[in-house]
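Laboratory data are not the source of any read-out in this text; all were calculated from the coordinates shown. Since the structure is predicted, the reported quantities are computational estimates derived from the model, not experimental observations. Positions of Cβ are generated from backbone atoms using ideal geometry, with glycine treated the same way; all protein chains shown enter the neighbour counts.
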Amino acid sequence: MPAARKPLVLFLCTGNSCRSQMAEGWTRHFKSDMIEAHSAGVDPKGVDPRAVKAMGEVGIDISAQKSRSIDEVKHLEFDYVITLCDNAQKTCPTFPAKTRVMHVGFEDPPRLAANAKDEEEAMGHYRRIRDEIKTFVDGLPEALLGEESGSAANQQQLFESGIKSFLNQMPKELSNKSDNQEEDR
């Protein structure tokens, strides 16, 4: 009896420079026996050196990965396309009907790092998003099945990852105000 084919997954971002590269790296490192992972961008920019550094800090070398355009992988018949940023979700090209397209958004480390006081603060943003992406990848391939699998735990994991990203985008003043209101109760 032939072995079952691993699902073919594409992680899609705008530039294929950071988040999608991290997702591909995590998936290849931890899930290569279950998933064939690829990444691409709608407007590729090259692999971000800080993304390479952040992944290297946890023992995953993505320095040989290339930033690819969606056109470079369109010949592959993906089972799943996972958009990791809002722009990629909005501009995601059409895929065959059998391809399931999902959105699991993460903040953009280069954008967050642009206002950092120093390199260590900039890398903190990359590390946080790296770890959030790892949490998502840890739930694969079950998270790909979504409601079909009936896994409330995987859905909760996706929800919590989204909430963390949302809260981290809030201005600090609003976040602190909410904390103070809780203390007053």
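Arrange the following residues from fewest to most other Cβ atoms within 10 Å of their Cβ: MET55, MET22, MET34, MET123.
Ordered from fewest to most neighbouring Cβ atoms within 10 Å, MET55, MET22, MET34, MET123 come out as MET34, MET123, MET55, MET22.
Where in the range 96-132 does the amide nitrogen come within less than 13 Å of the point 7 Å from the Cα of PHE30, taken along Cα to Cβ?
Flagged as within label range: 130-132.
Between LYS53 and THR135, with labels modelled 7 Å along Cα→Cβ, what's the label distance in nm to one decimal, could you check?
A separation of 2.4 nm, rounded to one decimal place.
If neighbour count is taken as other Cβ atoms inside 10 Å, put TYR126, TYR80 in order from fewest to most.
Sorted ascending by nearby Cβ count, the order is TYR80, TYR126.
How long is the gain from LYS117 to VAL101 if the chain were fully straight, where each residue apart is worth 0.36 nm and the alpha carbon distance is subtracted?
2.0 nm
Give me LEU140, LEU112, LEU76 sorted ascending by neighbouring Cβ count inside 10 Å, so fewest comes first.
Ascending Cβ contact count within 10 Å gives the list LEU76, LEU112, LEU140.
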